[in-house]
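The structure appears right after this line, and notes come after that.
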Amino acid sequence: MARLPDPADHHERLLIVDFGSQVTQLIARRLRELSVYCEIHPFQRVTPAFLQDFGPKAVILSGGPASVPNRGSPRPPDEIFDLGVPVLGICYGQQVMQQMLGGRVTRGEGTAEFGRAFVSPQGQLDLLQGWFDGPDGTGREQVWMSHGDHVAELAPGFEVFGTSPGAPFAITADPHRRFYAVQFHPEVHHTPKGVRLYENFVRLAGFAGDWTMGAYREQAVEAIRAQVGDAKVICALSGGVDSSVAAALIHEAVGDQLTCVFVDHGLLRQDEAAEVVSMFRDNMNLHVVHAQEQDLFLDALEGQSDPETKRKIIGRLFIDVFQKHADGIEGAAFLAQGTLYPDVIESVSFSGGPSVTIKSHHNVGGLPQEMGLTLVEPLRELFKDEVRALGRELGLPPSFIGRHPFPGPGLAIRCLGEITREKLAILRRADAIFIDQIRRHGLYDDIWQAFVALLPVRTVGVMGDGRTYDYACALRAVTSVDGMTADYYPFEHAFLGETATRIINEVPGINRVTYDITSKPPGTIEWE
Ligand code: XMP
């Protein structure tokens, strides 16, 4: 699979060596927020040849679940300490660094610390500028610890600059060689001033901090042109942020060589298809094929109520439809995808070699090989928040960039049980009212995802003098950082009451509204 020439080639790079910590990605995010380009690589991959090729301006050794005193525990190559660049070891990274440079690490026994701890200063260190000078006068900083083992003997050249009750060597450094080692995790939220530490680290490493979206845009455009030449590119536009930003960027690079295919499966929200097509076609002058295949999808779904069967039918038809339209585009050699960095980071696996997790986007995962297309993935170096920033940079409207995620199978998994055109129409109207209410009350940006699920039950009600027997629906609104865990949004009762009244009054077919207060886990965000 060909990949985009690396737009980061022109950048100063920081290398994060991953030992499998749950929070390694957060280190990268903190650095990217400081406009520093960095990449995460599993320790197995970081060989002397890799180091030479990568040319890091600084190195961070991440935390990890292994134990340094154990035989065969992971190590970076010795050469990492001969590069002449600053090195910061975090938690496991700190311990492995001490051990390799001549110190000694021992198993916990009474010194394990998990959770909040306070570090007190000892001496002055460039890495700690802006620390220990809080207004409360305690001279302490709150940090997040999570360690069983600890450093028992410092490596030659190192001194202690901070201590906590469970970690006498909480902060150590050899300032002469610019080697720094901390026992806690500065990248997590619970180390409130952790960012300051990274800021000091990249400053003392001499980073210019020039990783901006403006610079990325220019380089990515150059790289796309170099990859694509004068061939044609096709893109499955879903209306989601990732595919939209990828399409806008590729369009900027190769203009009319790009054709987008927007598959309308009849399971979109109210006015959604028209809005997406009009924005890209009319406002941004992209060539968009609007594949109106509602009947194909809805006929195939008729009588199906099992969630997985629904997903399979939609996925299969999506590929068929996309392929049919793509076949009509003569000379298409490339397929654009909105793959993001978290999807391509190789995760550390202790059982075997590094494993690669790549999610297929837009339900077209298997297409490139089948159709003989090469992938163009201009977002594969970016995190989600960076994709949003790039979208703004490219002139996509802020309301579009901030849209809630929407699942590929669309309303099919929100119309519980059997899908009918009538039930979809009811669901669309109720969903539009709920979202309108959320926008009117200024809550849209505080919520990760909000929608209505139409329940497969009818309930008795009374309206005017008559008895009704109509559908019940559930409102779902959650807060989340990444969709992996979520909590329900704590609406005011007045908001819920007003929304329920509007839905019942304005949507014939619904006579009961409930609010789902389940978190994830144990629930999921969607109902199917
Ligand atoms: P769950 O329901 O698993 O959802 O908590 C987590 C996130 O994934 C979305 N989701 C899907 N997205 N195809 C998609 O493209 C699917 O089949 C699908 N199922 C769930 C969901 O909307 C939420 O953002």
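Quick one: would you say Asp482 is in contact with a strand residue (DSSP E or B) (Cβ under 6 Å, 6 or more places away or on another chain) and modelled with pLDDT under 95?
On the way: in contact with a strand residue (DSSP E or B) (Cβ under 6 Å, 6 or more places away or on another chain): no; modelled with pLDDT under 95: yes.
In short, no.
Before we move on, is Asp431 of a type outside the set (Val, Ile, Thr), crowded, with 16+ Cβ neighbours inside 10 Å and within 16 Å of the ligand (Cβ to nearest atom)?
For Asp431, the condition - of a type outside the set (Val, Ile, Thr), crowded, with 16+ Cβ neighbours inside 10 Å and within 16 Å of the ligand (Cβ to nearest atom) - is met.
For Met463, work out the one condition from (1) at pLDDT below 95; (2) within 16 Å of the ligand (Cβ to nearest atom); (3) not aromatic (Phe, Trp, Tyr) it doesn't fulfil.
(2)
With a cut-off of at least 1 residues that are under 25 Å from Arg392 (Cα atoms), name the strands (runs of 3 or more DSSP E) lying wholly within region 149-239. Even if it seems obvious, please write down each step before you answer.
Details: elements: 150-153, 159-164, 167-174, 179-182, 232-236.
The strands (runs of 3 or more DSSP E) meeting that bar are 232-236.
Would you mind finding the one in Tyr515, Tyr471, Tyr444, Tyr489 that is away from the ligand (no atom under 12 Å from the Cβ), in contact with a Lys or Arg (Cβ under 7 Å, 6 or more places away or on another chain) and either free of Cβ contacts under 8 Å to residues at least 60 places away in the same chain or not assigned by TED's automatic domain parsing to the domain that holds Gln25 (or both)? Can you show your working first?
On the way: Tyr515 fails: in contact with a Lys or Arg (Cβ under 7 Å, 6 or more places away or on another chain); Tyr444 fails: in contact with a Lys or Arg (Cβ under 7 Å, 6 or more places away or on another chain); Tyr489 fails: in contact with a Lys or Arg (Cβ under 7 Å, 6 or more places away or on another chain).
Within the list Tyr515, Tyr471, Tyr444, Tyr489, the selection yields Tyr471.
Among the candidates Pro69, Pro65, Pro76, single out the residue that is in contact with a helix residue (DSSP H, G or I) (Cβ under 9 Å, 6 or more places away or on another chain), at pLDDT 95 or above and in the same structural domain as Pro186 (by TED's automatic domain parsing).
Values: Pro69 fails: at pLDDT 95 or above; Pro65 fails: at pLDDT 95 or above.
Answer to the check: Pro76.
Of the residues that make up region 41-50, is at least one under 20 Å from the mean Cα position of the chain (by Cα), in a loop (DSSP other than H, G, I, E, B) and of a type outside the set (A, V, I, L, M, F, W, C)? Before the answer, list the steps.
Just the residues of region 41-50 that are under 20 Å from the mean Cα position of the chain (by Cα), to begin with: 41-42.
Those still in the list that are in a loop (DSSP other than H, G, I, E, B) too: none.
Looking through region 41-50, none of the residues is under 20 Å from the mean Cα position of the chain (by Cα), in a loop (DSSP other than H, G, I, E, B) and of a type outside the set (A, V, I, L, M, F, W, C).
Out of all the residues in region 263-279, is one or more of a type outside the set (Gly, Ala, Ser) and over 28 Å from Asp436 (Cα atoms)?
Filtering region 263-279 for residues of a type outside the set (Gly, Ala, Ser) gives 263-265, 267-272, 275-277, 279.
With over 28 Å from Asp436 (Cα atoms) added as a condition, the list becomes none.
Scanning region 263-279 turns up no residue that is of a type outside the set (Gly, Ala, Ser) and over 28 Å from Asp436 (Cα atoms).
From (1) under 19 Å from Leu267 (Cβ atoms); (2) hydroxyl-bearing (Ser, Thr, Tyr); (3) surrounded by 14 or more Cβ atoms within 10 Å (Cβ to Cβ), pick out the condition that doesn't hold for Thr524.
Among (1) under 19 Å from Leu267 (Cβ atoms); (2) hydroxyl-bearing (Ser, Thr, Tyr); (3) surrounded by 14 or more Cβ atoms within 10 Å (Cβ to Cβ), the lone unmet condition for Thr524 is (3).
Name every residue in region 440-461 that is out of contact with any Phe, Trp or Tyr (no Cβ under 7 Å at 6 or more places or on another chain), more than 18 Å from Thr514 (Cα to Cα) and surrounded by 13 or more Cβ atoms within 10 Å (Cβ to Cβ), in order of residue number.
Of everything in region 440-461, those that are out of contact with any Phe, Trp or Tyr (no Cβ under 7 Å at 6 or more places or on another chain), more than 18 Å from Thr514 (Cα to Cα) and surrounded by 13 or more Cβ atoms within 10 Å (Cβ to Cβ) turn out to be Leu443, Tyr444, Trp448.
Evaluate region 472-495: report whether one residue or more is surrounded by 11 or more Cβ atoms within 10 Å (Cβ to Cβ), part of a helix (DSSP H, G or I) and more than 20 Å from the chain's Cα centre (by Cα). Reasoning before the result, please.
Within region 472-495, the first condition is being surrounded by 11 or more Cβ atoms within 10 Å (Cβ to Cβ), and the residues that meet it are 472-480, 483, 485-489, 491, 495.
If we keep only those that are part of a helix (DSSP H, G or I) too, we end up with 495.
When the remaining residues are screened for being more than 20 Å from the chain's Cα centre (by Cα), the result is 495.
Yes, region 472-495 contains at least one residue that is surrounded by 11 or more Cβ atoms within 10 Å (Cβ to Cβ), part of a helix (DSSP H, G or I) and more than 20 Å from the chain's Cα centre (by Cα).
Given the conditions (1) at pLDDT below 90; (2) crowded, with 22+ Cβ neighbours inside 10 Å, which single one is not true for Ser347?
(2)
Considering region 176-192 alone, what residues qualify as being under 28 Å from the mean Cα position of the chain (by Cα) and more than 15 Å from Gly93 (Cα to Cα)?
Of everything in region 176-192, those that are under 28 Å from the mean Cα position of the chain (by Cα) and more than 15 Å from Gly93 (Cα to Cα) turn out to be Val188, His189, His190, Thr191, Pro192.
Only one of Arg502, Arg421 is away from the ligand (no atom under 16 Å from the Cβ) and surrounded by 15 or more Cβ atoms within 10 Å (Cβ to Cβ). Can you tell me which?
Numbers: Arg421 fails: surrounded by 15 or more Cβ atoms within 10 Å (Cβ to Cβ).
After ruling out the rest, the residue left standing is Arg502.
Take region 510-527 and flag every residue that is at pLDDT 95 or above and over 20 Å from the mean Cα position of the chain (by Cα).
Ile510, Asn511, Arg512, Val513, Thr514, Tyr515, Asp516, Ile517, Thr518, Trp527 - these are the residues of region 510-527 that are at pLDDT 95 or above and over 20 Å from the mean Cα position of the chain (by Cα).
Being crowded, with 19+ Cβ neighbours inside 10 Å and not polar (S, T, N, Q): is that true of Gly266 here?
On the way: crowded, with 19+ Cβ neighbours inside 10 Å: yes; not polar (S, T, N, Q): yes.
Spelling it out, Gly266 is indeed crowded, with 19+ Cβ neighbours inside 10 Å and not polar (S, T, N, Q).
Of everything in region 51-64, what is part of a helix (DSSP H, G or I) and touching a strand residue (DSSP E or B) at 6+ places or on another chain (Cβ under 7 Å)? Give them in sequence order. Outline the logic, then answer.
If we filter region 51-64 for residues that are part of a helix (DSSP H, G or I), which is where we start, we get 51-54.
Phe54 - this is the single residue of region 51-64 that is part of a helix (DSSP H, G or I) and touching a strand residue (DSSP E or B) at 6+ places or on another chain (Cβ under 7 Å).
Out of (1) outside any helix (DSSP H, G or I); (2) free of Cβ contacts under 8 Å to residues at least 60 places away in the same chain, the odd one out for Ile319 is which?
Condition not satisfied by Ile319: (1).
Looking at Leu301, Leu286, which one is modelled with pLDDT of 95 or more, surrounded by 15 or more Cβ atoms within 10 Å (Cβ to Cβ) and within 16 Å of the ligand (Cβ to nearest atom)? Working first, answer last.
Details: Leu286 fails: within 16 Å of the ligand (Cβ to nearest atom).
Among Leu301, Leu286, only Leu301 is modelled with pLDDT of 95 or more, surrounded by 15 or more Cβ atoms within 10 Å (Cβ to Cβ) and within 16 Å of the ligand (Cβ to nearest atom).
Taking the condition of being modelled with pLDDT of 95 or more, more than 26 Å from Phe297 (Cα to Cα) and within 15 Å of the ligand (Cβ to nearest atom), how many residues in region 384-418 meet it?
Adding up the residues that qualify gives 0.
State yes or no: is Ala430 of a type outside the set (Val, Ile, Thr) and either part of a loop (DSSP other than H, G, I, E, B) or farther than 30 Å from Ala389 by Cα (or both)?
Yes.
Check Leu14, Leu26, Leu34 and return the single one that is assigned by TED's automatic domain parsing to the domain that holds His176, within 21 Å of Val202 (Cα to Cα) and touching a strand residue (DSSP E or B) at 6+ places or on another chain (Cβ under 8 Å).
Working: Leu26 fails: touching a strand residue (DSSP E or B) at 6+ places or on another chain (Cβ under 8 Å); Leu34 fails: touching a strand residue (DSSP E or B) at 6+ places or on another chain (Cβ under 8 Å).
Of Leu14, Leu26, Leu34, the one residue that is assigned by TED's automatic domain parsing to the domain that holds His176, within 21 Å of Val202 (Cα to Cα) and touching a strand residue (DSSP E or B) at 6+ places or on another chain (Cβ under 8 Å) is Leu14.
The values are calculated or read from the model by the stated rules, or taken from the named source; none is laboratory data. Here the structure is a predicted model, which is why all the values come from computation and not from measurement. Glycine gets a Cβ as well: all are built from the backbone with ideal geometry, and neighbour counts include every protein chain shown.
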